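Step one of this worksheet: look at the structure below.
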Amino acid sequence: MKISDHFLLLSLIFLGSCSKITSKQETTQERPNIIYIFSDDHSTKAISAYQNGVLAKQFPDLTPNIDRLAKEGMIMNNTFCTNAICGPSRAAILTGKFSHVNGFYKNESGGDFDGSQQTFPKLLQKEGYQTAVVGKWHLGTAPTGFDYSKVMINHGGQGTYFNTVFLENGTDTLKEEKFHSSRQVWEDAHAWLDQKRDKKKPFMLMYQFKAPHRPWEPDPEFADLFKDIEIAEPATFNDTYEGRLAAADTWQTIERNLNRQDLKVHPENPENLTKAELKKWYSEGNNNDVVWAPNNEVKMEGQQLKKWKYQRYIKDYLRCVKGVDHYIGELLKYLDDNGLAENTIVIYSSDQGFYLGEHGWFDKRMMYEESLRMPFIVRYPNHIQPGSVSQKLSMNIDVAPTLLAYAGAEIPKDIQGKSIKPILEGEPVNDWRDAVYYHYYEFPWWHHVQPHYGVRTEKYKLINFYYNPEKKKGELQNNWELFDLEKDPNELTNLYGKEGYEEITAQLKERLTALQKEYNEDTPEEMMRKTDVRIKRVYETPTK
């Protein structure tokens, strides 16, 4: 062989190897890993990066690891759930469809999720992704579309903070007694990432915490935080609900409806009580039938009692938040240490928001801003501008098409959400939605929130509390509320029927009708049937 031929051969080999390396790198870049971090009941007002409430002002470093995602990615300020309750929000995320379409519309007595239907994890599997889910699931049926799953199944599928029972891969039941549930979910995620997955494939992991859901039992590591601090009360703490009949009818008030289990108040002599008596003692408040005080020796009532209960509640809630943030930090460290951060999309979100004393409440369900708005933060290095913020209106049904778009998968036409990939990457979006649609069904248990649907635009919100079966079963009532979100961001003044708002009311009703048509909403009769129906769950919710 001539020397010139020899160099030509070596050059061709070298170029060929470079071509393979480049091709492999391009494939990696086109197919990012995905980690969807999901907590339960985490209000944006308990995330310091959002800077939108008294807690963020009082504790500017409350959530340093979630804040890190915001600094390195984008905060979506106007991401909303379509049904503010745990299971239905999860079903909407998995399917990209509203509750009335995916079939899972309420937690209590609405049946279980149909796992045979199309979900984004199944579609990612078809694209060669390895998929996993660990932590809270709350959909009843065993997860489908996942190569690995380990999900909580005790306490009605809610899971517990301690001695959590899991279902692994749909077959094996395990009771984990060593760690608090937030730590356990991290241990399971870590084990899958580090040891169980096929590292030659792109992956999608759903990393899902129970915290900070009721009854707010923090990891002992965080149990003494805020001990000697008085937590600030929100501006609407003493809302009187004037002009808002449905708001006045709820059973989610700080004063009346937090029970003794929530606030860790125990009987002096529990051994003297039967099991039934003990259960009743701990659960007083659930049925709005009694206002209990700490004990017979300490006489508290009215505002003093309400403030005391708020401090007990909010401190444990924030302690649970600190645990979630800590184990997000563990995940981010793992990605950094293992060279995965650059090519992994990390999303932080929650199934809905939560009331942290606003309107004098805890819990969620209502279409008011505190529970309607979800935290939604996305980091994807070299694709999403660090420290960016979007005010675009998005919904939880947008998650599925967005992740499919990033994976290069075709988005099925029956998915009702839209990909927010262009928004995340700062591309011009000329034809984006001007309104979001919401629908809540469950009544009366747990919190006596009347079924309602509504539309939210950038400036206004129109809600129809259309059904109260306790008053007239099977008949519509149509109790409307209208809010100007620019003038009245706390939603204290119902403008419906007020002079000067006739035109905007007509426009919003027209937009609402158009959205219901676009999303193939049910007939009024079917809406009411969904509220009234009682279908048993695989894991029945305890009444305690």
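Data for the structure
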read-out	value
Size descriptor, Kirkwood hydrodynamic radius, that averages inverse alpha-carbon separations across the chain, Å	24.5
Point-to-point label distance, residue 144-residue 235, nm (Cα→Cβ direction, 7 Å offset)	4.8
Normalised contact order of the chain, rounded percent, pairs of Cα under 8 Å and 6 or more residues apart	23
Within the stretch 151-182: backbone nitrogen closer than 14 Å to the residue 283 label point (7 Å, Cα to C-beta)	155-156
Calculated FRET efficiency for the pair residue 507/residue 178, C-beta based, R₀ 51 Å, to 0.05	0.35
Label-point separation in nm, residue 523 to residue 171, each point 7 Å along Cα→Cβ	4.6
Order of 456, 365, 197 under a 10 Å beta carbon neighbour criterion, fewest first	197, 456, 365
Per DSSP, loop GluC sites (Glu not before Pro) in the stretch 245-303 with at most 12 further Cβ within 10 Å	268, 297, 301
Förster radius 51 Å - calculated FRET efficiency between residue 478 and residue 118, Cβ distance, rounded to 0.05	0.90
Average silhouette area of the stretch 305-395, convex hull of alpha-carbon atoms, in square nanometres	7.5
Mean Cβ neighbour count within 10 Å, used as a protection proxy, ranking 158-167, 476-485, 184-193, 511-520 highest first	184-193, 158-167, 476-485, 511-520
All lysines inside 28 Å of residue 306 as judged from Cα atoms, apart from same-chain residues fewer than 8 positions distant	45, 57, 210, 227, 264, 279, 280, 315, 322, 364, 544
Amide H contacts under 5 Å for residue 79, placed H, 5+ residues apart	374, 394
Spatial extent of the stretch 57-143: Rg and Dmax, with the Cα atoms as the point set, Å	16.1, 47
Stokes-Einstein D for the stretch 43-82, Kirkwood Rh over Cα pairs, 4 °C, 1.567 mPa s (µm²/s)	124
Shape category assigned to the stretch 245-307 from the gyration tensor of Cα positions, a/c cut at 1.5	oblate
Rounded to 5, the percent of DSSP beta bridges in the chain classed as antiparallel	55
Sorted peptide list for 59-66, 499-506, criterion being average Cβ within 10 angstrom, highest first	59-66, 499-506
Calculated [θ] (222 nm, deg cm²/dmol) that DSSP helices of n ≥ 4 give over the chain, each run adding -39,500 (n - 2.57)	-9500 deg cm²/dmol
345, 93 arranged by Cβ crowding within 10 Å, fewest neighbours leading	345, 93
Separation in nanometres of the label points that stand 7 Å from Cα toward Cβ, at residue 385 and residue 275	6.1
On Cα atoms only, tilt of 86-95 relative to the major axis of the chain in degrees	30
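Every read-out reported here was derived from the displayed coordinates using simple, explicitly stated rules and does not represent laboratory data. Nothing here was measured: the structure is a model prediction, and the numbers come from that model. Cβ: placed from backbone, ideal geometry, glycine included. Neighbour counts: every protein chain shown.
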